[in-house]
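Peer 1: Here you go, one structure.
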Amino acid sequence: MMCDQWLPPEQVSVIQSPWLDEISGLAVSRRYPDVAWVIEDSGNRAEIVAIRLSTGETVRRFRVRGAVNVDWEESALGACRPGSSAERAAPAGECLWGGEFGDNLGVRTDTALLEIPEPQDPGSRTGPAREDAVKAGRIPLVWPDGPHDTEAMAFSPDGSLYFWSKLRDGTSTVYRVTAGELKTDRVVTPAVAGSARITADGLPPTVTEGRVRWRVTAAVWAGDNAVLRTYEAALAIGLPGADGAVPVLGSLPAPVEEQGEAIGWEPEGSGSGGSLWFVSEGVRPAL
């Protein structure tokens, strides 16, 4: 990923629904053009919402049965577990994975992954957005080094699921669960894969000085590398090396937002190119 080859961000649309004001996860559908899935964080409804990227309008809402939104902080599209009830309900075996692991106080013992089958043809309906329901599978998630806040998760090309913690000093611990380890209903304990040190020195000059604004709030796999979202920036990173160090490859053009907590990737064709999508918390934020 060549960081200097990215174009400046441009606003495409605005989220139309005023009640979508705490978006914490954005996943661009790989099956349905112009559709993305968004979730909201702590205390909001247990639902996934299909939006149209080109207009920001809400297309359909799906109440998630079998789940409570204590603090949903991230979402990522990936393969469903073979043989799971979610896979049987997903037309193409594609699931929206939800991260029920927000933990600002570092005390939670009920963190989990949610396996939600991607609904079929979410944008095929016309007229006002309607609400449907979808059932989620729940996989308990326990961090190997104890409770902490995490808001970033992404699938790598080999099907592994990576997590990046949101620590206060700019250091993010990287965790990994292999595709094989996800094939279970038992407790999943990710392995520590490395550590990413993110400081103001590696961020563009638009980042607020004197404030800890480089905490990792979201992630997505974009082509060959992962992209980490902070409140005000985006960074391309590599995989942890043998020594556990995570290379920060450079900063990417990102919109200046009040509280950016979601990022999505829309691939173009069969190559490694594509577009990053950003959205912030707030009433009617820009896409």
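Peer 1: Could you please give the count of residues in the range 175-191 that are surrounded by fewer than 16 Cβ atoms within 10 Å (Cβ to Cβ) and either among the polar types (S, T, N, Q) or more than 23 Å from Asp41 (Cα to Cα) (or both)?
Peer 2: Result for the range 175-191: 9.
Peer 1: Here is a follow-up. State which residue pairs qualify: first residue closer than 13 Å to Trp164 by Cα and touching a residue at least 40 places away in the same chain (Cβ under 8 Å) and inside the range 236-247, second residue of a type in the set (Val, Ile, Thr) and part of a loop (DSSP other than H, G, I, E, B) in any location, beta carbons under 9 Å apart, and separation of 6 or more residues or different chains.
Peer 2: Filtered contacts from the range 236-247: Ile237/Ile198; Ile237/Val246; Leu239/Val246; Pro240/Val246.
Peer 1: Next up: Which condition number in (1) in a strand (DSSP E or B); (2) surrounded by fewer than 17 Cβ atoms within 10 Å (Cβ to Cβ) is the one that Trp277 fails?
Peer 2: (2)
Peer 1: Somewhere in the range 81-97, is a residue in contact with a Phe, Trp or Tyr (Cβ under 6 Å, 6 or more places away or on another chain), under 30 Å from Val14 (Cα atoms) and either buried (at least 19 other Cβ atoms within 10 Å of the Cβ) or modelled with pLDDT of 95 or more (or both)?
Peer 2: yes
Peer 1: For the range 150-174, enumerate the residues that are crowded, with 19+ Cβ neighbours inside 10 Å, outside any strand (DSSP E or B) and modelled with pLDDT of 90 or more.
Peer 2: Across the range 150-174, the qualifying residue is only Ser160.
Peer 1: Restricting the search to the range 210-260, which residues are at pLDDT below 85 and part of a strand (DSSP E or B)?
Peer 2: Ala245, Val248, Leu249, Gly250, Ser251
Peer 1: Of the residues that make up the range 115-127, is at least one without any contact (Cβ under 8 Å) to a residue 60 or more places away in the chain and in contact with a strand residue (DSSP E or B) (Cβ under 7 Å, 6 or more places away or on another chain)?
Peer 2: Within the range 115-127, one or more residues are without any contact (Cβ under 8 Å) to a residue 60 or more places away in the chain and in contact with a strand residue (DSSP E or B) (Cβ under 7 Å, 6 or more places away or on another chain).
Peer 1: Any idea how many residues of the range 87-96 are among the hydrophobic types (A, V, I, L, M, F, W, C) and within 19 Å of the chain's Cα centre (by Cα)?
Peer 2: 2
Peer 1: May I ask you to verify whether Ser17 is hydroxyl-bearing (Ser, Thr, Tyr), closer than 22 Å to Phe163 by Cα and out of contact with any Cys (no Cβ under 7 Å at 6 or more places or on another chain)?
Peer 2: So Ser17 fails the test.
Peer 1: Based on this model, can you work out whether Ala36 counts as in contact (Cβ under 8 Å) with a residue 12 or more places away in the chain, surrounded by fewer than 23 Cβ atoms within 10 Å (Cβ to Cβ) and not basic (Lys, Arg)?
Peer 2: So Ala36 fails the test.
Peer 1: Now for a separate question. Could you tell me which numbered condition Val59 fails, if it satisfies all but one of (1) over 28 Å from Leu239 (Cβ atoms); (2) under 19 Å from the mean Cα position of the chain (by Cα); (3) buried (at least 19 other Cβ atoms within 10 Å of the Cβ)?
Peer 2: (2)
The values are calculated or read from the model by the stated rules, or taken from the named source; none is laboratory data. Computed from a prediction, not measured in an experiment: that's the story for all the values here. Note that we place each Cβ from the backbone using ideal geometry, even for glycine, and neighbour counts take in every protein chain shown.
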